[in-house]
Amino acid sequence: MAGRADDTTKVERTSDREMTVTRRFNAPARIVFAAWSRPELFQRWWAPRSSGVPLLSCEMDVRTGGSYRLVFGRDAAQSMAFFGRYIEVTPPARIVWTNEESAEGAVTTVTFTEQDGQTLLVLREAYPSKEALDLSIEGMEGGMPEQFAQLDELLEALGGKLE
């Protein structure tokens, strides 16, 4: 995997309650999908390093009807959990999940479209209100480019192969 396909992560508000994040990765869809659906891979890239808040635990049952629970923090006493359920999982093309840690949680849809060995990843979040999106979008604009750069590093390390 020589070089990155497109190291530009685009985060944009697409309506009063929705935002979209896009990026192209230099890896086949099955590998990018695995990085989103295998806990041992997901935990290697999801938490932005600059935040200083590591992912303490990562439980994921990535199948339609399955659930997830991610716990972030410096230690168990000062941690925050994110959790929800998978509404739709279609390997290696699509994952849809709920974010149930608050009443303002979004429904997230990630699609993986492969073309010529590269994958266009599109993440869409639909929030229950404009205010909920307003609270979330600033963090996404700051965090997603770093997270996706970390995903790029993982994909390069995997070299197109999975264990």
Fill in: Exposed trypsin sites (Lys or Arg not before Pro) absent: longest stretch of the chain, with sites in DSSP loops and at most 11 other Cβ within 10 Å deemed exposed
75-160
Worksheet item: Given +1 on the Cβ of Lys and Arg, -1 on the Cβ of Asp and Glu, and no further charges, what dipole in debye does the chain carry about its Cα centre, rounded to the nearest 20?
Response: 360 debye
Worksheet item: Tell me, what does the Kirkwood hydrodynamic radius of segment 121-163 come to in angstroms if you use every pair of distinct C-alpha atoms?
Response: 12.4 Å
Worksheet item: Taking the Cα-to-Cβ direction at E100 and at T113 and moving 7 Å from each Cα, how far apart do the two end points lie in nm?
Response: 3.1 nm
Worksheet, complete the sentence: Taking a ≥ b ≥ c as the square roots of the eigenvalues of the Cα gyration tensor, with a/c under 1.5 meaning rounded and otherwise prolate when a/b exceeds b/c and oblate if not, segment 1-92 is rounded
Practice prompt. Report the percentage of all Cα-Cα pairs in segment 90-163 whose separation exceeds 18 Å, rounded to a whole percent.
Written response: 53 percent
Worksheet entry | Hydrodynamic radius by Kirkwood, which averages 1/r over all alpha carbon pairs of the chain, in angstrom | 16.1 Å
Worksheet item: How much mean residue ellipticity at 222 nm does the chain get from its helices, if each DSSP H run of length 4 or more adds -39500 (n - 2.57) and you divide by all residues, to the nearest 500 deg cm²/dmol?
Response: -8500 deg cm²/dmol
Worksheet, complete the sentence: Under the rule rounded for a/c under 1.5, else prolate if a/b exceeds b/c, else oblate, using alpha carbon gyration tensor axes a ≥ b ≥ c, segment 30-83 is classed as oblate
Fill in: Mean separation of Cα contacts under 8 Å, 6 or more apart, over the residue count of segment 88-163: relative contact order %
18 percent
Worksheet item: Using a basic spin-label model with each label point 7 Å from the Cα along Cα→Cβ, how many nm lie between A157 and R74?
Response: 2.4 nm
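Values in this text are rule-based calculations from the coordinates and carry no lab data. Remember, predicted model here, so these are calculated numbers, not experimental data. Methodologically, a virtual Cβ is constructed for each residue, glycine included, from the backbone with ideal geometry; neighbour enumeration extends over all protein chains shown.
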